[in-house]
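What follows is a set of notes on a single structure, which appears directly below.
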Amino acid sequence: MVEAVLRPTRPYSLRLTYGGSWTSALPEGRWASAQQRSDGSVAVRASCERAVEEARFVLALDDDTSEFHRRFAHDPLLGPSVRRFRGMRPRRRPTVTHATIRAVCGQLIQASRALQIERAIIRAGGEDPPSRSALASLSPARITACGLAASRAATLARLARTIDLEGLRGKDDALARLGRERGVGPWTVGVIALQGLGRYDAGIVDDLTLVKLLASLRRRWPEPGETAELLAPYGEWQGLASIFLLQGFKRGLVPGASMNRAKLVRSAA
């Protein structure tokens with residue numbers, strides 16, 4: 001076991017991201033845990049030095065989001081959430097494969113059910129966190145048996161067998177490559193970008209909570225893809241903006257929007 005004290009690029013809050021502490025299994029049996037100290041540093045315990053470096057990525061310790069906070073702290077829509085959640089990061093997965101499973105399982109179904117299916121697929125592959133080879137070993141029929149719709153199971157199996165998922169990290173064309181795949185839309189690309197690739201430039205377009213937010217603002221139910229207009233002003237930060245808007249809307253921090261109004265719009269649609 002090794003211990004390290006890491007200095008995250010500020011602003012950074014492990015409490016806002018993971019509730020104060022973090023523990024995770026990592027590839028090939030490695031593991032790591034972390035807590036943030038009162039001075040802002042992050043104390044990491046890990047199985048080995050490689051696990052410490054993996055923890056750096058998963059916790060997004062080296063990401064400089066100061067420009068995001070500076071530019072949007074007083075944005076009419078996003079500003080209150082940016083100020084309230086200063087230092088929050090997306091919750092990343094240890095492997096791109098895991099993020100891909102999460103993204104495909106989460107397409108257009110209830111979140112709790114999606115998580116059940118995700119866990120079943122990971123168990124079936126025999127590795128946690130899942131590797132590309134573990135996922136590729138599962139047939140579409142086996143994935144369907146885990147509860148995923150047949151079309152999505154086919155998409156997931158094809159992605160694992162035809163794309164070097166882990167090799168997408170750091171590739172400029174990664175989002176375009178994913179977006180060309182049948183069964184992979186903007187929402188799926190956005191989730192993989194945030195949780196697997198560590199990128200902030202792809203918004204979670206058509207996320208149901210963002211759809212409700214926009215419905216509340218515009219007093220009508222949005223068309224498919226319309227949430228892209230909501231995120232476009234945030235440019236290369238629209239992925240991170242998605243996360244802040246999601247959290248802010250749930251807590252009543254988005255001016256002019258409310259869950260109750262979204263319910264009324266939905267019932268009238």
> Between A150 and R123, how many nm apart are label points set 7 Å from Cα along the C-beta direction?
Replying inline: 2.4
>> Give me the one-decimal nm value for the distance between modelled label points at R219 and Q110, 7 Å along each residue's Cα-to-Cβ direction.
In response: 3.3
>> Spelling out what I want: for every residue of the stretch 35-48, take phi, set θ = phi - 60°, compute 6.51 cos²θ - 1.76 cosθ + 1.60 (Karplus), and round to whole Hz; glycine and proline get x.
In response: 9, 9, 8, 5, 7, x, 6, 10, 8, 10, 10, 8, 6, 6
> Per residue, what volume in Å³ does the Cα convex hull of the stretch 78-133 take up?
Replying inline: 106
> Spin-label point model (7 Å from Cα, Cβ direction): what's the K250 to A269 distance in nm?
Replying inline: 2.0
> Plugging the Kirkwood radius over Cα pairs into Stokes-Einstein for the stretch 121-165, at a temperature of 10 °C and a viscosity of 1.306 mPa s, what D comes out in µm²/s?
Replying inline: 157
>> When the expected Rg is taken as 2.2 N^0.38 Å, what fraction or multiple of it is the alpha-carbon Rg of the chain?
In response: 1.02
> Taking the alpha-carbon centroid of each part, what is the distance from the stretch 193-215 to the stretch 98-175 in angstrom?
Replying inline: 19
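Rolling a 1.4 angstrom probe over the protein heavy atoms, how many square angstrom per residue are accessible across the chain?
Using a 1.4 Å probe on heavy atoms only, each residue of the chain averages 46 Å².
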> Whose amide H sits under 5 Å from the amide H of R93, counting only residues 5 or more places off or on another chain, with H placed in the peptide plane?
Replying inline: G196
> Rounded to the nearest 0.05, what FRET efficiency is calculated for A141 and S66 with R0 set to 45 Å and r the Cβ-Cβ distance?
Replying inline: 0.40
>> Using Stokes-Einstein with the Kirkwood hydrodynamic radius over Cα pairs, what translational diffusion coefficient do you get for the stretch 47-196 at 4 °C and a viscosity of 1.567 mPa s, in µm²/s rounded to a whole number?
In response: 78
> Can you give the Kirkwood hydrodynamic radius of the stretch 17-71 from its Cα pairs, in Å with one decimal?
Replying inline: 12.1
> What span do the alpha-carbon atoms of the stretch 2-102 cover on each of the three principal axes, reported in whole Å from largest to smallest?
Replying inline: 46, 35, 20
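Given a 1.4 angstrom probe, I'd like the percentage of the accessible area of the chain that is carbon and sulfur, rounded to a whole number.
Ligands and nucleic acids excluded, carbon and sulfur reach 49 percent.
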> How high is the relative contact order of the stretch 103-259, given as a whole-number percent (alpha carbon pairs under 8 Å, six or more residues apart)?
Replying inline: 16
> Probe 1.4 Å, all protein chains in place: accessible area of M259 in Å², nearest 10?
Replying inline: 60
> Taking a 1.4 Å probe, which of H74, H69 shows the most accessible area, and what order do the others take after it?
Replying inline: H74, H69
> Hey, what do the phi angles of the stretch 78-93 turn into as Karplus ³J(HN,Hα) couplings, whole Hz, using 6.51/-1.76/1.60 and θ = phi - 60°, x for Gly and Pro?
Replying inline: 8, x, x, 6, 4, 5, 5, 10, 4, x, 6, 10, x, 7, 8, 9
> How big is the stretch 192-254 by Rg and Dmax over its Cα atoms, in Å?
Replying inline: 11.2, 35
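The values are calculated or read from the model by the stated rules, or taken from the named source; none is laboratory data. A quick note: this is a predicted structure, and the numbers were derived from the prediction, not measured. For neighbour counting, all protein chains shown are included, and Cβ atoms are generated from backbone atoms with ideal geometry for every residue, glycine included. When the accessible area is computed, the model is the full protein with side chains, heavy atoms only, and any ligands, DNA or RNA have been set aside. Shrake-Rupley method; radii C 1.70, N 1.55, O 1.52, S 1.80 Å.
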